[in-house]
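The structure appears right after this line, and notes come after that.
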Amino acid sequence: MKLIEYPDAEMMMMLLAQIIAADLEAALRVQDRVTLAVPGGTTPAPLFAGLSSVSLPWNRVRVLLTDERWVPESSDRSNTALLRQHLLVNHAAEAELLPLYSEGADTPEEALEQLEAAITPALPLNVCLLGMGADMHTASLFPGADLLDEALTGQGVLYPMRAPGAPEPRVTLSAHVLNQAIDRHIVIKGADKREALERALHASPQEAPVAAILPNTKVHWAAN
Ligand code: 6PG
């Protein structure tokens, strides 16, 4: 793990958008089509805005979420809606979205096979950006989640996930898929998440799921 500290979150979002754009450019030089995974949640919207206005051959970029809450796009909890609003705009409107949600399915289990089938040909991820919660979850790999062990150690692509810390069912990329990404970044802000990161460095992935993907990951942090 490499920790990169920034003077403030605004600067971090701007610079990290440039770093991710450079990672994508490097991948696009050697591959016809590349895949970018990004988190939902409250942190990344300003970064998405910066990234969306970078001029890249976005029509060769596939974008997917690291995890999704099982809610329709009309919900303000939908990470897909966040992506459409903040990332898949400007130049990045040309990118292809690989869905992690299916409107017709009441539960993640009903749609899992179909979603996996669309994602698998786009793997391995070229660039993966993740968030982290103060409880040391990343993607939807939550401490205490029902299928945490499977998602940490299994070879599957997607896992449904229900957890005490999550109000609705989730679907998440597995640790295996996240760890295969060529470039991996975590973006966090605030003192509580910095402390959580320090704790995760000495904890097991069962207690601190983010620990499973920290090796070879760059963590970008700003206090506020
Ligand atoms: C989600 C995310 C999740 C997120 C962390 C951090 O759907 O919630 O993808 O893994 O990155 O919970 O969330 P915040 O940025 O809101 O603190």
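The values are calculated or read from the model by the stated rules, or taken from the named source; none is laboratory data. All figures in this text were calculated on a predicted structure; none of them were measured in a lab. Positions of Cβ are generated from backbone atoms using ideal geometry, with glycine treated the same way; all protein chains shown enter the neighbour counts.
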I need every pair where a residue in segment 137-166 that is closer than 20 Å to E195 by Cβ and within 12 Å of the ligand (Cβ to nearest atom) has its Cβ under 9 Å from the Cβ of a residue that is hydroxyl-bearing (S, T, Y) and in a loop (DSSP other than H, G, I, E, B), sequence separation at least 6 or different chains. T138/T66; L141/S174
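Please determine whether any residue of segment 26-37 is surrounded by 16 or more Cβ atoms within 10 Å (Cβ to Cβ), within 23 Å of R194 (Cα to Cα) and within 11 Å of the ligand (Cβ to nearest atom).
Within segment 26-37, the subset surrounded by 16 or more Cβ atoms within 10 Å (Cβ to Cβ) is 27-28, 34-37.
Keeping just the survivors that are within 23 Å of R194 (Cα to Cα) gives 37.
Of the ones still in play, those that are also within 11 Å of the ligand (Cβ to nearest atom) are 37.
Yes: segment 26-37 contains one or more residues that are surrounded by 16 or more Cβ atoms within 10 Å (Cβ to Cβ), within 23 Å of R194 (Cα to Cα) and within 11 Å of the ligand (Cβ to nearest atom).
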Touching a residue at least 60 places away in the same chain (Cβ under 8 Å), within 15 Å of the ligand (Cβ to nearest atom) and surrounded by 23 or more Cβ atoms within 10 Å (Cβ to Cβ): does that describe V187? yes
Among the numbered criteria (1) under 15 Å from the mean Cα position of the chain (by Cα); (2) more than 15 Å from the ligand (Cβ to nearest atom), which one does V54 miss? (1)
Regarding segment 86-95, can at least one residue be identified that is of a type in the set (D, E, K, R), touching a residue at least 12 places away in the same chain (Cβ under 8 Å) and in contact with a helix residue (DSSP H, G or I) (Cβ under 7 Å, 6 or more places away or on another chain)? yes
Any idea which of A145, A175, A166 is on the phi < 0 side of the Ramachandran plot and at pLDDT below 95? A166
Can R194 be described as charged (D, E, K, R), within 16 Å of the ligand (Cβ to nearest atom) and within 19 Å of P99 (Cβ to Cβ)? no
